[in-house]
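The values are calculated or read from the model by the stated rules, or taken from the named source; none is laboratory data. All values derive from a computational prediction rather than experimental measurement. Backbone-built Cβ (ideal geometry, glycine too); neighbour counts: all protein chains shown. Accessible surface is based on the protein model in full, side chains and every heavy atom, while ligands, DNA and RNA are left aside. Shrake-Rupley method; radii C 1.70, N 1.55, O 1.52, S 1.80 Å.
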Amino acid sequence: MIVDNMAQACQWSYNENDQEFSLHGSLRPQRVEDLNTCISALEKSVSNVNGLFYVNVRRLVRMNNVAFHALGCKILDLVRSRSDLKVHVTTSSVVGWATRKFAVLESISDKITVSEYDNEFYPGQSFLEEGGFIPILRTQTKLTWHHERDMLARHGLKAGMQVADICCGIGDFAVLMQKEYQPDRIVALDHSLSSLDYARKVAADFGVRGIDYVFGDASDMLLESDQFDFVTCRHSLQVFDRPELILRELLRICKPGGRVYITNEKNSHCLGEPRSETIQRTYTEVARLWAHFNMDIELGPKSRRYLVDSGFEDIRMESFMVTNLDGDPQDFADIVQSWEDVYAGKMAVERGDSDEQISEFRKGFQDHIFAALHPKGYAGWPVWVASGRKPK
């Protein structure tokens, strides 16, 4: 994130996961030249984008005409100079002037669209789907890619490989791998048809090619054996009551000498300061809740044993801590809120928790959010990464 020195009030950032350039705060330059740094950052962000590029101004509380003219002209120049590019501007209905101003661009070019954040879904926001884990997985990818981007290479991913992403969800991780590592081909498999439909739309909007989306059961895949150099399965073994069945299939479809890469969590090790005690109690209870439904959100450190027992060799294992300091603390707060909505919502109710128990359960999530957003606070969420080689 960058702060504009001219006013110390405007910030901008680029999220490659969503192909989204965001502006925050107040943008009131005296001269067009005062925006050179911001415009250069916008140009750099869009230079590697194919398809749909998002400009998010929903947190921009002030903008004068000088700024709007410079930003608007740059957006128009971009879509006119690049036939492959479309731009979507996201505003907020809370700041009424923003929609009115940017709607002018929509009337000038059919390659520019504008929508209010409060009324329209867009890829930067959670995707509400059946089986409430979809919004959690979406936000997790935004947070973990910062770490996994380089880890993938250490675990063996290279350009030109045949890659499979099993339990791909809405396909955002497959898109990131395709853009960053340029594999020859990616097969992305999931059991949810609606998630796959959305994944295809995201790939099409972002101009990403080389990903084949396949419907299937991860424990019994209709994929040929020994065909992939690198197989990923993220945050998924912990959801299944018999993860060894998934690993058996991952081993089968992997080429001899290829690698399988998995990520899982140990949710009871989530932490935060201040209010650490209630945070710890809640995440210990999360582990019990998952166990009630025959899922193991404590699986992360067990990954090495699972890989060895499944027949893999040359096991590589590491962990990382996603924190509120990795980027915008609000991103961390958003994922915790997603956890609360699902865990203290439908799951706790179905387990038969009382209103009093659920209220106490929710308190730890809210204290974790408080820690993440506190100016002196620290909040963390640990993830374990492991990979194993299929014997030749």
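The table below gives the values:
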quantity: Single residue of the range 368-392 satisfying the filter (surrounded by fewer than 23 Cβ atoms within 10 Å (Cβ to Cβ) and not in a strand (DSSP E or B)) that is farthest from the chain's Cα centre (by Cα); calculated: Lys392
quantity: So Ile335, is it within 28 Å of Leu23 (Cα to Cα) and of a type in the set (Val, Ile, Thr); calculated: yes
quantity: Residue among Tyr122, Tyr117 that is open to solvent by less than 30 Å² (accessible area, probe 1.4 Å), at pLDDT below 85, more than 17 Å from Gln11 (Cα to Cα) and out of contact with any helix residue (DSSP H, G or I) (no Cβ under 8 Å at 6 or more places or on another chain); calculated: Tyr122
quantity: Evaluation of Arg82 against (1) surrounded by 19 or more Cβ atoms within 10 Å (Cβ to Cβ); (2) under 20 Å from Asp18 (Cβ atoms) (one fails), failing number; calculated: (1)
quantity: Search result, residues across the range 1-37 that are part of a loop (DSSP other than H, G, I, E, B), under 28 Å from Asn50 (Cα atoms) and at pLDDT below 90; calculated: Met1, Asp4, Glu16, Asn17, Asp18
quantity: 1 or more residues among the aliphatic types (A, V, I, L, M), touching a helix residue (DSSP H, G or I) at 6+ places or on another chain (Cβ under 7 Å) and open to solvent by 40 Å² or more (accessible area, probe 1.4 Å): qualifying strands (runs of 3 or more DSSP E) within the range 210-311; calculated: 271-273
quantity: Out of Leu137, Leu128, Leu71, sole residue that is part of a helix (DSSP H, G or I) and either open to solvent by 20 Å² or more (accessible area, probe 1.4 Å) or modelled with pLDDT under 80 (or both); calculated: Leu137
quantity: Pairs, first open to solvent by 40 Å² or more (accessible area, probe 1.4 Å) in the range 147-164, second assigned to a helix (DSSP H, G or I), C-beta under 6 Å, six or more apart; calculated: Ala159/Tyr181
quantity: Residue among Met317, Met295 that alone is closer than 23 Å to Met177 by Cβ and in contact (Cβ under 8 Å) with a residue 12 or more places away in the chain; calculated: Met317
quantity: Matching residues in the range 18-33 - criterion: being in contact with a Lys or Arg (Cβ under 9 Å, 6 or more places away or on another chain) and farther than 14 Å from Val57 by Cβ; calculated: Asp18
quantity: Output for the range 192-206, where each listed residue is within 16 Å of Asp18 (Cα to Cα) and either open to solvent by 10 Å² or more (accessible area, probe 1.4 Å) or of a type in the set (Phe, Trp, Tyr) (or both); calculated: Tyr198, Arg200, Lys201, Ala204, Asp205, Phe206
